[in-house]
1. Just by accessible area at a 1.4 angstrom probe, what is the order of 170, 194 from largest to smallest?
2. For residue 115, what residues show an amide H to amide H distance below 5 Å, using hydrogens built from the backbone and excluding near sequence neighbours?
3. What accessible area, in Å² to the nearest ten, does a 1.4 Å probe give for residue 50?
4. Provide the percentage of antiparallel DSSP beta bridges, counting only those with both residues in the stretch 25-333; round to the nearest 5.
5. From the phi of every residue in the stretch 188-204, what ³J(HN,Hα) in whole Hz does the Karplus formula 6.51 cos²θ - 1.76 cosθ + 1.60 yield, where θ is phi - 60° and glycine or proline is x?
6. For an R0 of 35 angstrom, estimate the FRET efficiency from the Cβ-Cβ distance between residue 349 and residue 276 and round to the nearest 0.05.
7. Would you mind working out the accessible area per residue for the stretch 25-333, using a 1.4 Å probe, and quoting it in Å²?
8. If amide H atoms are built 1.01 Å from N in the plane of the peptide, which residues on other chains or at least 5 residues away come under 5 Å of the amide H of residue 156?
Amino acid sequence: MAGRRQLLLLLLIWGFLQLIRLPYSASQSFVGINYGDVADNLPPPASTARLLQSTTITKVRLYGTDPAVISAFAGTGISLLLGAANGDIPNFASSPAAAAAWVAAHLPSTSSPAISAVSVGNEVLFADTSLASQLVPALQNIYAALPPNSSVKVSTVHAMDVLASSDPPSSGAFKPELAAALDPLLAFLSKTGSPFLINPYPYFAYLSDPRPETLAFCLFQPNAGRPDAGSGLTYTNMFDAQVDAVRAALDAKGYKDVEIVVAETGWPHSGGADEAGATVGNARAFVSGLVSHLRSMAGTPRAPGRPVDTYLFAVYDEDLKPGKPSEKSFGLFQTTTLAETYPTGLMRNGTAAGLAPAMAPAAAPTLPVKPSPAPARLPGQQPQVTPLQPGSAAAAGPSALCAPGTATTTARGTAAAAACSSPSAAESPRTISVISNSNIAGALLMYLLI
């Protein structure tokens, strides 16, 4: 009888463990990274793939479809988000055959590497509004060209400039003048289960408002918090505030089912004399803080317990990028040694030692730079920086983007921006939670069996 009772207890506890594991399996966020190539000193793609395997990064966003880069990730377990250039949009929109040819040419015929999504264009509604009417037809044709039962998502990346208002976050709303392009796009995303891709950059918010309290708010450091009278919620970091502003805009349109994915965010580790805050210390605080915040599974005040999937910018510095010094200086890893530029909490074993590329190219000068608005991203390239539009929120600078009653704008590689992020950790919250739950259940079992 006692043996039967013990067996029953074991079965009950096993069932309990399975239940508490499910939420973490289903909702575990990922930390991804952007892999740009506007540089002449990058290590071979195979070295980069090996480097990223030594981290906890599970997804990589590419700005193009370089076969050598894609094939380098085969067998790594890292999935890819591929990019199609803005310049491809008219062709995709007018020709289903052209869209099908692109899919056949660039999506691997095998299951490795896994392709998680395709971004058709980058910040189209900010960089090139002439393409707005062709954007959804292009997405539809790419989606229609995917193999049957494909899990690949099809979307496009936006700058925060699509918002007319973002402060407080509960006031988040899309620009009315973009409704003709955004309404069918949101309907497409909802129908296909694809995410809304956004590029928030808290660095730009601080750049325009370099007060200590703004820096603390952007770097996930202790601060007084910013109350949102509209929702009754209080925000302790810019990243959550900006993501929730986008969430509010989507909800207001009736698309609560559309997921938000942060396609780019980062902080420069170096910059010019007029680029406040572009330092190694601040970059480390932002990236490690963001990674820790995401892994905490805290989510945002508007969506607690639902952390947003986020791609950090970027793997390496890009010495050929135009613009201010900070624009070139977002790299988390050095191109010659593959060591971390600063500790991020992303390395599995705490170090990237021994990963130097087999053939290291000659080192080119690395200058700090700041992101500016990005037009079309050509396959295999990152976007060229274009001048800010006079009178635009982006041109007004980050402070305008973060000021009450205005939209928190821009993304990296774009020009103005606003938003923030949080701490670091090398262990995934799912692992930690399962271990903790297992320990509790184990103690319970011992107690019951005594």
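1. So the residues, ranked largest to smallest area, are 170, 194.
2. The answer is 80.
3. The accessible area comes out at roughly 100 Å².
4. Numbers: 6 of 36 bridges.
DSSP beta bridges in the stretch 25-333 are roughly 15 percent antiparallel.
5. 5, 4, 5, 5, 9, x, 9, x, 8, 8, 9, 10, x, 9, x, 3, 5
6. Details: r = 35 Å, r/R0 = 1.00.
E(calc), rounded to 0.05, equals 0.50.
7. Working: 10220 Å² over 309 residues.
Accessible surface, normalised per residue, equals 33 Å².
8. 120, 197
The values are calculated or read from the model by the stated rules, or taken from the named source; none is laboratory data. Worth saying up front: this structure is predicted, and the values here are computed from it rather than measured. Virtual Cβ from ideal backbone geometry, glycine too; neighbours counted across all protein chains shown. Just so you know, the surface numbers come from the protein's heavy atoms only, side chains and all, with ligands and any DNA or RNA stripped out. Shrake-Rupley method; radii C 1.70, N 1.55, O 1.52, S 1.80 Å.
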